[in-house]
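Have a look at the structure below before the remarks.
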Amino acid sequence: MKDGKIRFTLNGRDVVYEDSPLRRLLDVLREDLGETGVKEGCGEGECGACSILLNGKLVNSCMIAMGTIHEKELMTIEGLRETEQGKCIIDAFADAGAVQCGFCIPGMVMAAQSVLQDAPRPSEEEIRKGISGNLCRCTGYDQIVQAVQMASEKGAGLW
Amino acid sequence: MPHSISTSVRRKDAVAKAAGTMEYLADQFPVSPLHGKCYYSSISRGTIESVSLPELPEGYYIVGADDIQGVNRLHMIIEDWPVFADKEVRYLGQIIFLVVGPEKDVILDLHKQIQITYRELTPCITLEESTALLEGVQHGEDNVFTRYDIHHGQVEYPFEKAHRILEKEYYTGHQEHVYMEPQSLFAHWEEDTFILHASAQCPFYIRKSLVNALGMDKEKIRIIQTPTGGAFGGKEHFPDVLAGPLAVAVCKIKKPIKLVLDRKEDMAYSIKRHPSAIHIRTALDKDGRILAHDIDLRLDGGAFASCSAVVLARAVFTVGNVYNINNIRICGRVFCTNKPPSDAFRGFGAPQAIFAMESHMNFLAYALGIDPLAFRQPYLMKQGDPTSTDGKIHEEVMLPEMTRRILEMSGYEKKYQDYKTRPNWGIGLSYFFHGSGFTGNGERDLIKARIYLKKNRKDQVFIYGSNVEMGQGISTTFCKVASKALDIPIDQVHFVEPDTEIVPDSGPTVASRSISVVGFLVQKAAKRLKAEWKSGEDQSIIQDYEAPTHMVPWDQETLTGDAYPAYSWGVNVIEVEVDPLSYEVNTKGIWGVYEMGVPIDRQIVEGQIIGGMIQALGYSYLEKLEFSQGRFRQATMSDYMIPTSMDFPTTQCDIVDNPFEYGAFGAKGAGEMVFDGAAPAFGAAVSQAVDTIIDEVPVLPETLMELTDEGR
Ligand code: FES
Ligand code: FES
């Protein structure tokens with residue numbers, strides 16, 4: 001970061017960022033990089049709608065300043081949906097009826113990916129825990145939990 | 001035999017939403033030339049004495065009441081809510097100005113420099129303060145926005161000859177919608193037309209509400225609905241309140257402006273569910289049979305009327321619940337207080353009313369020493385029974401069958417016996433019903449829904465109406481209904497997103513009317529199109545609402561007749577364990593059996609059921625929203641707790657078919673009814689666990705501690 005530039009990879013491609021290090025990662029993703037699949041639900045780290053993977057770990061992008069992501073690896077829903085794993089999860093969400101208004105769902109899909117990365121055959125308990133940082137006001141969660149189970153079965157071997 | 005229409009299909013919007021390609025309002029306009037930020041009153045009640053505005057840099061504006069071309073009133077049901085407060089302020093959070101400009105930081109800075117001197121008055125916070133006309137009247141002659149009195153049978157006489165009279169008052173609190181997508185609007189001006197994109201339930205309501213303020217023909221006001229990230233009633237009228245100031249600003253500046261609330265202001269200043277206080281007095285004979293109820297139902301309407309009159313109507317028509325009581329009198333009033341206005345929220349007055357009546361039935365059973373389930377049985381409504389408005393129950397009532405199923409699923413009876421001797425555990429059951437569609441003659445005289453069906457030369461069929469997809473699945477279920485009636489694949493049928501310029505007014509997306517009322521029009525239109533089908537040609541059908549002929553005519557003067565064409569019915573059972581140290585309640589089991597005519601898609605309906613139950617359980621004990629010193633103390637998502645995936649066990653549900661002649665493929669309303677039963681069942685379960693009657697939601701640990709300490 002010596003030259004004042006922040007370099008990171010986003011969904012596998014290199015990005016160089018030269019604006020203020022104080023801006024929220026969420027805003028840069030949405031406004032500068034066009035990644036509008038990342039949603040803002042609360043802006044205070046409570047809802048998980050802005051979830052992304054940072055070096056493989058699920059984080060809330062509204063709580064992250066640009067200055068902290070130098071040389072890190074980021075994956076958003078825009079990247080995940082291009083992968084076999086992402087497609088499998090999205091498919092399972094659609095089959096399980098886990099999508100209603102949909103606003104929380106891209107974040108949920110990221111959370112599902114994180115759950116399956118850690119435990120390819122997760123128990124219900126592990127799923128509920130893994131998605132508990134992502135709030136959904138529509139579904140009551142049961143069908144989301146089911147979707148993750150379905151993804152883990154159908155996509156066995158992918159994780 | 002389940003109907004084939006109930007077989008689930010994949011939702012049309014599921015993949016786009018899950019993959020993040022569905023564009024909500026803020027995604028469609030991620031960068032906007034201008035942003036708006038509301039300036040809110042910082043006192044609850046008073047008059048504006050003087051205003052000092054900062055010097056404005058080039059390109060920045062502060063828009064207020066002086067900029068209104070038309071009349072400073074939003075048209076909802078009555079016209080009491082001003083676009084901008086100019087002289088009087090009625091609640092902390094009322095919009096006084098809209099600050100507009102390109103840079104958010106500068107806007108915030110300007111915001112801070114606005115200075116207003118108020119002459120403050122003591123606000124009315126409680127219903128009692130409102131009734132006492134503290135510091136003078138604010139609405140009408142008595143601070144009552146609306147009053148409805150109904151009765152059925154006799155009332156005075158049964159109380160005179162009663163062997164025993166029992167009475168109790170029940171309370172429910174505020175609730176915040178917490179739709180995941182905050183209120184969002186984007187507006188611009190094109191030639192002579194004002195165009196507004198909005199995350200909203202009722203595009204035609206917004207248009208109607210703006211006519212006054214803009215002083216423009218409604219044809220020159222165009223509202224385009226954007227994919228709506230949840231609403232639950234919170235986007236029924238509140239978008240009008242934001243659209244007013246935004247429209248005035250756009251008319252003045254003639255440039256595109258985006259207005260997206262951040263979560264904090266959304267939670268602090270948006271509308272909420274009506275709190276209620278419902279007093280029920282019951283006359284009983286010497287055998288403990290109910291002779292009559294006398295009910296006083298009060299709602300806290302907040303500062304402006306909004307749609308309180310209609311919420312009150314539903315509360316009043318529903319409070320008798322599923323019981324045929326020969327004599328009942330109900331007085332309902334909604335009061336003006338100095339809080340953010342109360343407004344629509346899933347269930348719309350019914351959850352408050354049903355909580356009160358179900359808790360009261362438990363209280364009566366408890367006081368009489370009778371098993372609460374057995375106590376209810378003789379009163380359960382049957383086909384042909386009268387309603388509290390002297391209407392009639394037309395459908396076969398499936399409650400006995402539903403009761404059997406839920407008892408089997410939940411093991412209620414054995415658990416109820418066991419928990420009599422097992423401290424801290426409890427199980428509770430509730431019955432409920434919910435009228436489909438608008439109250440009384442609303443559909444026939446006010447809404448007059450219309451649907452278009454258009455077919456192009458490729459034989460693709462498009463459904464045009466004003467009912468929005470807000471998560472409930474209508475973009476799929478409408479297509480299912482049409483494709484089934486046309487006997488063509490669902491992929492050949494498309495749902496057109498509402499835009500007031502291209503769709504007819506088929507009414508608002510409220511009152512569980514979309515599938516039952518408007519879906520029926522879709523079915524009728526599709527049937528006609530099928531009869532006239534000419535492959536390879538453009539064809540279109542207009543279908544207007546036709547009132548069902550089976551109803552007891554509604555009289556709006558006397559409030560008698562069929563308040564609703566049909567009812568959906570439900571039974572819930574909730575099982576809990578109360579932690580004896582922390583008094584926290586853990587929900588151990590959730591069961592529901594429902595009759596909603598015919599479910600149009602089993603999976604979509606189950607999604608509604610589970611979502612509604614969990615939202616209602618949040619209302620029952622997690623969602624504490626306290627009002628003090630002019631504001632809600634829980635105004636962020638870290639303070640106001642909505643359920644997470646860890647809070648509740650899996651919901652078990654079942655559905656009983658009972659086709660309704662005037663609903664799409666037999667469907668009745670589903671989305672609201674599923675909210676109605678959880679709070680009273682939860683209250684009943686906790687009542688057993690702590691051996692006292694719960695008369696208030698949310699049930700807070702501190703309340704339980706008090707209750708048990710007092711050994712009430
Ligand atoms: S927007 Fe980041 S957690 Fe809610
Ligand atoms: S689907 Fe609407 S918030 Fe989750």
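Just so you know, all these numbers are worked out from the coordinates, no wet-lab data involved. Computed from a prediction, not measured in an experiment: that's the story for all the values here. As a convention, Cβ positions derive from the backbone with ideal geometry for all residues, glycine included, and neighbour counts pool all protein chains shown.
Values computed for the structure shown
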{"item": "Surrounding net charge for B:I330, when Lys and Arg each add one and Asp and Glu each subtract one, Cβ distance under 13 Å", "result": "+2"}
{"item": "Rh by Kirkwood over Cα pairs, then Stokes-Einstein D for chain A at 0.692 mPa s and 37 °C, µm²/s", "result": "208 µm²/s"}
{"item": "Scattering curve values for region B:48-135, log₁₀ I(q)/I(0), Debye with Cα scatterers, q = 0.10, 0.13, 0.18 Å⁻¹", "result": "-0.35, -0.57, -0.94"}
{"item": "Antiparallel content of DSSP bridges confined to chain B, in %, to 5", "result": "75 percent"}
{"item": "0 to 90° range, to nearest 10: angle between helix A:105-118 axis and chain A longest Cα axis", "result": "80 degrees"}
{"item": "Three-way shape label, the protein assembly as shown, alpha-carbon gyration tensor, a/c 1.5", "result": "rounded"}
{"item": "Value of [θ]222 nm, deg cm²/dmol, for chain B, DSSP H segments ≥ 4, -39500 (n - 2.57) each, nearest 500", "result": "-7500 deg cm²/dmol"}
{"item": "Overall form of region B:554-657 per C-alpha gyration tensor (a/c, 1.5; a/b vs b/c)", "result": "oblate"}
{"item": "Net charge of neighbours whose Cβ lies under 12 Å from the Cβ of A:S20, counting Lys and Arg as +1 and Asp and Glu as -1", "result": "-3"}
{"item": "Average partner coverage of B:30-38, which counts Cβ from other chains inside 10 Å", "result": "1"}
{"item": "Net charge contributed by nearby residues that have their C-beta within less than 11 Å of B:M76 (K/R +1, D/E -1)", "result": "-3"}
{"item": "As computed over region B:480-636, the Cα convex hull volume per residue (Å³)", "result": "247 Å³"}
{"item": "Alpha-carbon Rg with Dmax, taken over region B:616-674, Å", "result": "18.0, 52"}
{"item": "Cα centre as origin, Lys/Arg/Asp/Glu Cβ charges: chain B dipole, Debye", "result": "1380 debye"}
{"item": "Rounded to whole Hz, the Karplus (6.51, -1.76, 1.60) HN-Hα couplings of region B:639-655, x for glycine and proline", "result": "9, 9, 8, 9, x, 9, 5, 9, 7, 9, x, 4, 7, 9, 9, 9, 10"}
{"item": "Pairwise centroid distance, computed over Cα atoms, of region B:90-155 with region B:664-712, Å", "result": "30 Å"}
{"item": "The protein assembly as shown - share of DSSP beta bridges that are antiparallel (%, nearest 5)", "result": "75 percent"}
{"item": "Phi-based couplings in Hz for region B:89-95 (Karplus 6.51, -1.76, 1.60; Gly and Pro marked x)", "result": "10, 10, 7, 6, x, 5, 6"}
{"item": "Other-chain or far-sequence residues with amide H under 5 Å of B:Y39's (modelled H)", "result": "B:I96, B:F97, B:L98, B:V99"}
{"item": "Calculated on alpha-carbon atoms, Rg and Dmax of region B:344-447 in Å", "result": "16.7, 56"}
{"item": "Long-range amide H partners of B:W554 with built H, under 5 Å", "result": "B:D562"}
{"item": "Region A:99-138, Rg to Rh (Cα coordinates; Rh as Kirkwood inverse mean 1/r)", "result": "0.98"}
{"item": "Set of aspartates and glutamates near B:K382 by C-alpha distance (under 16 Å), chain-local residues within fewer than 8 positions excluded", "result": "B:D390, B:E395, B:E396, B:E401, B:D562, B:E595"}
{"item": "Unsatisfied cross-links (Cα-Cα over 29 Å) in the set A:K39/B:K252; B:K208/B:K272; A:K87/B:K527; B:K414/B:K668; A:K154/B:K458; B:K218/B:K392", "result": "A:K39/B:K252; A:K87/B:K527; B:K414/B:K668; A:K154/B:K458; B:K218/B:K392"}
{"item": "Alpha-carbon Rg/Rh ratio, for region A:1-85, with Rh computed the Kirkwood way", "result": "0.94"}
{"item": "Backbone HN-Hα couplings from phi across region B:463-478 [Karplus 6.51/-1.76/1.60, Hz, Gly and Pro as x]", "result": "9, 10, x, 9, 7, 9, 7, 10, x, 6, x, 5, 5, 9, 5, 4"}
{"item": "Long-range HN-HN contacts of B:T387 with modeled amide H, under 5 Å", "result": "B:K392, B:I393"}
